[in-house]
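For reference, the structure is listed below as structure tokens.
The values are calculated or read from the model by the stated rules, or taken from the named source; none is laboratory data. This is a predicted model, so every value here is computed, not measured. These accessible areas exclude ligands, DNA and RNA; they are computed on the full protein's heavy atoms, side chains included. Shrake-Rupley method; radii C 1.70, N 1.55, O 1.52, S 1.80 Å.
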Amino acid sequence: PLTEEGATGLARFIAESVRPGPDGAPAPPIAWVRGSAFHDAARPYTLAYTCNSWTADALRAGGLPVSPDGVVLTGGVMRQAAAIPGACRAR
């Protein structure tokens, strides 16, 4: 359940996650695979900062009570997301 302010924060986080080009705007994709664009990230992927850590940071930027601390695998962020009142539940 995102508020309008949360959606704005989430959109800003996603935009800032793409490495900027020389003009400061997000750089064009570095690759296309089966119709999906891949952009160079502003923060590199490491064993300490994975796609799941990034997802937790994104949810937090959206104003949700999620922390990237200790998140490595999908379950680390999904358990936090499932605990949010009004969150979608897996079936």
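A few notes on this one:
- Accessible surface of Ser17 - all protein chains present, 1.4 Å probe, nearest 10 Å²: 30 Å²
- GNM top mover of Val33, Val66, Val18 - the chain, alpha-carbon springs below 10 Å: Val33
- Rg in Å to one decimal, and Dmax rounded to a whole Å, for the chain via C-alpha atoms: 14.6, 45
- Cut-off under 5 Å, modelled amide H: who pairs with Val18 long-range: Ala42
- GNM top mover of Leu73, Leu59, Leu47 - the chain, alpha-carbon springs below 10 Å: Leu47
- In the stretch 1-62, the portion of solvent-accessible area held by carbon and sulfur atoms comes to 62 percent [1.4 Å probe, whole percent, DNA, RNA and ligands not counted].
- Hull volume in cubic angstrom per residue (convex hull over the Cα atoms of the stretch 47-91): 68 Å³
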